[in-house]
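See structure below.
The values are calculated or read from the model by the stated rules, or taken from the named source; none is laboratory data. Keep in mind that what you see is a predicted model, and the values were worked out from it rather than measured. As a convention, Cβ positions derive from the backbone with ideal geometry for all residues, glycine included, and neighbour counts pool all protein chains shown. The accessibility values were calculated without ligands, DNA or RNA, using every heavy atom of the protein model including side chains. Shrake-Rupley method; radii C 1.70, N 1.55, O 1.52, S 1.80 Å.
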Amino acid sequence: MTTLRPFTCDDMYKFNNVNLDPLTETYGLSFYMQYLAHWPEYFQVAESPSGEIMGYIMGKAEGIGDNWHGHVTALTVSPYFRRLGLAASLMNFLEEVSEKKRTYFVDLFVRVSNKVAINMYKNLGYIVYRTVLEYYSGDPDEDAYDMRKACSRDTDKKSVVPLTHPVRPEEVD
Amino acid sequence: MSKAQSNNMHVLDTAVVERRLRPIYDWLDSGNNKKALQECDKVLKKAPNLHCAKALKALTLHRMGKGSESRVILEALTNEKPTDDATLQAMTLCYREMQELEKICRLYETAVRIDPTNEELHTHLFMSYVRISDFKLQQQSAMALYKLKPKNPYYCWAVMSIILQATRGEGCRDPLKRKLLLSLAERMFDKLLTENKIDAEQEVQLYVMILDLLGKQEEVVAVLDGPLGAKLQCTNFGLVKMTYLKKMQRWKDVNLICKSILAESADRWDIWKEYIHSVFELMYQQTQTSGQENSDGGDNIVETADDTPEKAHEFICRMVESGADNGYVLRGPFLARFQLCSRMSSRGMDTNDLFGDEIELFMEYFRKFGHKPCCVSDLRIFLNLLLTPKKTELSSRLMKDVGISATSVPQSEAQMQRHICAVQLSRLCGSHRDLSPEHLKALITALTLHYQHGYQTYGRGLLSTDLAPCDPYALLAAHLLYDLAQIEQKSDAVVVALALLERLLSNSPSNFHGKLLAVRLYHCLGGGTKALEMYSSLDVKHLQLDSLGYIHCARMMTTGLFTLCTNLFDATLKFFSSNYKDSSDHLTFSYKFGSFTKLDEFMDFRERMNNSLHYATVGVDRIVLKLVECMSLDTLYSITISPKEDKIEWNCLRDNHDLGVFLSWDPESIENAPEDWQESKALFEQDVRFLRLRTSILWTMAAAVDIVKSLDGDRQRHVEALRNALDQWKALHQKTLSDNFPPIQQNLLPLPMPSRLHGSLAAPYCPVFSSFLDFFLSMMGNDSHHTMECVKCIEEELDKLTDFLRDATIKKSNDLMARRKSLELAVNCVEIISITSLICVLCGELVKPVQVKKGKKKSCDTKNKEYVFSVADKLKKEMNNFCDILQDWIDANPEDHVFNMLESLNLNSTENILEKIHYSYKIANREMQLILKTKIKLLT
Ligand SMILES: CC(C)(COP(=O)(O)OP(=O)(O)OC[C@H]1O[C@@H](n2cnc3c(N)ncnc32)[C@H](O)[C@@H]1OP(=O)(O)O)[C@@H](O)C(=O)NCCC(=O)NCCS
């Protein structure tokens, strides 16, 4: 039961119920503003019938040549609205936008410890393309999976042939 | 050949320059300003005329707090009219940090004049106007740019600048002007159209925006349906179109579009709402045109518009039947029924034929979705379909349906979730209201046991980042304990609630709802150090400092933990000031990426943040705190006392609190969100008034300091300012007393604590300050008798103040909620006496012999000196009394009433809540005494 609509600045005043979750990062203001200004169509919020924020997705499109791709920067769903297919429909939305932009694939980074999310992405058709060592700084640093799903433009599914070796964060563009 | 050579020379040149400057940038980036300055000087020694090095030196000096030196360099540099990008960028950065955005415009105006064909400089000039929101100059510079380089984006910048003149500039107050400007924008756009130049999606969006503002909905729809519409690939096309169809009241089209969307995805709530709305509009139109048959119809249900609740109901039922979408049972159609029912009943229509007893709707929904936590949030907004007796009935039927009695426990996780939902819904139905303490206690015990059982049975093997499914039991029990404390008017139950929450958090360390509640409850008892500990674990940052500031930061000053306040205040103020600076960049992003639809939003957001009441309050608190902690005259002279550089825009202040972050199942939350409750609005008004009164302290103190600093000729002006400020304060104080604001209720947890206004009126701020300021003013006259009267007045006021402190603390109950109030008042007393001590110090300065004066005046000064001494003595005496009272107060240990209650709930936690809270009081007490002692020293 969702209203999907573009994320607005004022939503940042109300997204605490989602963002206080330990796996959801709260970024500096400029970060959100940059996404809102540059890729507003990729920043969507799911609202409940009573107007609460249930979750949101933030993404972008970038890359040149056959690296032109959609990217999921943040995806999160409030604990009380999980397992309702919300994340799946937000991802679906982002993939549709990417299709319209004719990208070759969609990718994202996820903590290797975030079993729930990894499992979900797999169920949505993503594969682990490569491991990025110590991508998340913290104590200790944590590796990330770079996960990918090919779009229809990538007819040969060239973008989703997994790498055999892990890479360092510097090697990721 | 030669051209290439010279180019090469140039490249070489810039490469050298760049290499030399690199270290400066690096030091600046890493925040090492001292090293940066050394490097600047080094470079300038070699190349004394290198503009960019000078600009960087100015920036460095500014960051080191050497504003005037920085300004000298900048001015000299401006006169040299630099045009190279690096220098201009560095100067821009510097002016930006100084918040002198106009100067950036002047800089680029000059540069463009010297190098008029430089596209980049023109772009910077345009952006500099964006930063100061000068829409007219924006328009001009964008057009100049377009003439230079006829690119569509530049043209669009100009058009957008015209739109802004219409909506936010001169057109905002003058409808005629607005129309004119918008028509101009339209004509400009038509030119692009006829030249067939429109290409990008953003350009079409801009066109739609113009037409929309002109009220030309027909045209918008035509655009959307035409070839331009095809360019809107990423815009949610259907939704945009619907907005306009609605404005044009084309309800039939709305209805049909909705139906076709819903047939595809039946879980779209926004579309269901529009659909049902259109049904009623159509019905209304029907009755207007006297019941013609709706005869256009195909066999396909999606092809006919529904114009009666019956037809809508049929459509909904079909959607229910068509059932699940990729495995999920969709809640959409079920909730649509509620929405339809609710719309009918608000129109006074009989719903019985269609829906039967409403309770059955709820029961059916609960049976389908009760195992999902969202069930409560889904049903909440519809509960008012039921009158009170029906709510009671629903509540007991839900509990019966779950099948858990007083003696049984859930047999599965799903049953537990259903039980939790049922309890939450029943609380929403009001079933926890008006219960006897015994009844409440029984409920609390049951829920606590359910929590413990649930954790043992279904809480194992969770990740530390998970919330346990049984956690809501503990949260509910904590809410009930708070209810109990309100009924008993005793803090015991709050302490128990905190023990329970601590237990919850040791099991589910990520449960932020538990943490938020704990912060709230610790503040309710004045336990600042524990509140801080909890708050820190929430990792509140960035914008949350504003939206969640009310929970902790805004309360800290009342806990007497001055040292801890400093960090919190500084972090908050830094966030606001640096983001306000950044926010002008955000506007430039919008132009850069052509997201014109976001501009209005960005501008509103910028104002919302800058006008935050919390921001203004923290700013004022920070200055008050500096005064309270001030230990020397030099320090006093160095404090910038005027709040927010005098720029509090009182009528624009905004309440940015996110009250919805607290879970609540109070019946009040059925109707609307806590932000919209009457109490929240009352609180806002009181908080604004509090801030006004508090700034009076600052205005008067600022004026007093100015008087002492000023020379004879200039002094009178400041004396007038002080008189004015004091008069205004007294008037405001009187008005506030007679307005007689009642403290907001405390029975609802999502509401913040009562305003600090009440404590600030109870403690004698205005009377004590007035007595001191009158005395201060009398120093400048020759009326010794009057001065003596003033001294007497001070003595009386100080006696009263000490009595007040005694009454407010040792003479009050030892219950922790009462102690919290006492603590707030004690802090206020300490504030009053320590800041008025500063006035006494200032008086001392006034009577210091500056030069030898004429006999008569001198004798008066000696007299005055004596008066000042006697006031200082009185202050010292009372501050010593304060210390004694505070010490006696802290020595009186509260008794432990809660042990039995904890025991009975199996919560005899290792963590002794009471002890920790008492520890917080002790630290606060020590800090207050420390402040007093340093002030005594200052006066000696
Ligand atoms: C990851 C997250 C976004 C999932 O949101 P969600 O709305 O609950 O996910 P959905 O309901 O759309 O789930 C889609 C599928 O993912 C899988 N899945 C999701 N949560 C799962 C869980 N807790 N356990 C097992 N599988 C799960 C399931 O296969 C599910 O389909 P199903 O319910 O039909 O079995 C949410 O848990 C979250 O916000 N986590 C914190 C933030 C985060 O980790 N974000 C990802 C960072 S890259």
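If only residues of segment A:1-10 that are away from the ligand (no atom under 16 Å from the Cβ) and not basic (Lys, Arg) are counted, the one that is nearest to B:Val240 (Cα to Cα) is A:Pro6. I'd like to check something: does segment B:218-227 contain any residue that is within 14 Å of another protein chain (Cβ to nearest Cβ) and more than 21 Å from B:Lys598 (Cα to Cα)? Within segment B:218-227 (the criterion being within 14 Å of another protein chain (Cβ to nearest Cβ) and more than 21 Å from B:Lys598 (Cα to Cα)), the answer is no, since none of the residues qualifies.
Restrict the check to segment B:543-565 and report whether at least one residue is touching a Leu at 6+ places or on another chain (Cβ under 9 Å) and of a type in the set (Lys, Arg). No, segment B:543-565 has no match at all.
When you look at B:Thr700, is it of a type in the set (Val, Ile, Thr) and touching a Leu at 6+ places or on another chain (Cβ under 6 Å), yes or no? Yes.
For B:Ile114, the criteria (1) over 34 Å from the mean Cα position of the chain (by Cα); (2) surrounded by 22 or more Cβ atoms within 10 Å (Cβ to Cβ); (3) among the aliphatic types (A, V, I, L, M) hold in every case but one, which is (2).
Beta carbons closer than 6 Å, at least 6 apart along the sequence or on distinct chains, pair a first residue in segment A:101-115 that is over 21 Å from A:His69 (Cα atoms) with a second that is among the aromatic types (Phe, Trp, Tyr) and within 10 Å of the ligand (Cβ to nearest atom) for A:Val112/A:Tyr145. If the condition is being under 26 Å from A:His38 (Cα atoms) and more than 14 Å from chain A (Cβ to nearest Cβ), then segment B:230-253 contributes B:Lys241, B:Tyr244. For segment B:531-546, a residue qualifies if it is under 18 Å from B:Lys574 (Cβ atoms) and of a type in the set (Asp, Glu), and the qualifying residues are B:Asp539, B:Asp546. Summed over segment B:571-592, residues that are at the interface with chain A (Cβ under 7 Å from one of its Cβ atoms), modelled with pLDDT of 95 or more and within 15 Å of A:Gly28 (Cα to Cα) total 0. Pairing residues of segment A:68-95 that are closer than 12 Å to A:Thr2 by Cα and more than 11 Å from every other protein chain (Cβ to nearest Cβ) with residues that are within 7 Å of the ligand (Cβ to nearest atom) and at pLDDT 95 or above, at Cβ distances under 7 Å and at least 6 apart in sequence or on separate chains, gives A:Ala87/A:Gly55; A:Ala87/A:Leu75; A:Ala87/A:Val77; A:Ala87/A:Met120; A:Leu90/A:Gly55; A:Leu90/A:Leu75.
Evaluate segment B:706-728: report whether one residue or more is out of contact with any Leu (no Cβ under 6 Å at 6 or more places or on another chain) and farther than 30 Å from B:Pro849 by Cβ. Yes: one or more hits. Could you go through segment B:650-659 and let me know if any residue there is crowded, with 22+ Cβ neighbours inside 10 Å and modelled with pLDDT under 95. Scanning segment B:650-659, I find no residue that is crowded, with 22+ Cβ neighbours inside 10 Å and modelled with pLDDT under 95, so the answer is no.
Selection of segment B:175-203 for residues being touching a Leu at 6+ places or on another chain (Cβ under 6 Å) and at pLDDT 95 or above yields only B:Leu182.
Each row is one residue, and each column tells you yes or no for (1) open to solvent by 20 Å² or more (accessible area, probe 1.4 Å); (2) on the phi > 0 side of the Ramachandran plot; (3) acidic (Asp, Glu).
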position	(1), (2), (3)
A:Ile57	no, no, no
A:Ala61	no, no, no
A:Asn67	yes, no, no
A:Thr76	no, no, no
A:Leu84	yes, no, no
A:Ala87	no, no, no
A:Glu99	yes, no, yes
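In segment A:40-57, the qualifying residues are those that are without any contact (Cβ under 8 Å) to a residue 40 or more places away in the chain and within 13 Å of the ligand (Cβ to nearest atom), and the one that is nearest to B:Ile276 (Cα to Cα) is A:Gly55. Note on segment A:18-39: among residues that are open to solvent by less than 30 Å² (accessible area, probe 1.4 Å) and not in a loop (DSSP other than H, G, I, E, B), the one that is nearest to the ligand (Cβ to nearest atom) is A:Val18. When the residues of segment A:41-55 are filtered to those that are open to solvent by 30 Å² or more (accessible area, probe 1.4 Å) and at the interface with another protein chain (Cβ under 7 Å from one of its Cβ atoms), the one that is nearest to B:Ser377 (Cα to Cα) is A:Ser50. Scanning segment B:248-270 for residues that are outside any helix (DSSP H, G or I) and touching a residue at least 12 places away in the same chain (Cβ under 8 Å) yields B:Met248, B:Gln249, B:Ser265, B:Ala266, B:Asp267, B:Arg268. Going through (1) exposed (fewer than 14 other Cβ atoms within 10 Å of the Cβ); (2) of a type in the set (Asp, Glu); (3) within 16 Å of the ligand (Cβ to nearest atom) one by one, B:Asp350 falls short only on (3).
Taking segment B:696-713 as the range and being closer than 14 Å to B:Glu845 by Cα and not charged (D, E, K, R) as the test, the residues that pass are B:Ala704, B:Val705, B:Ile707, B:Val708, B:Ser710, B:Leu711. Restricted to segment A:67-173, the set of strands (runs of 3 or more DSSP E) holding at least 2 residues that are more than 16 Å from the ligand (Cβ to nearest atom) comprises A:127-136.
The conditions of being within 14 Å of chain A (Cβ to nearest Cβ) and surrounded by fewer than 22 Cβ atoms within 10 Å (Cβ to Cβ) are met by B:Ala468.
Residues in segment B:914-940 that are among the acidic types (Asp, Glu) and in contact (Cβ under 8 Å) with a residue 60 or more places away in the chain: 1 in all.
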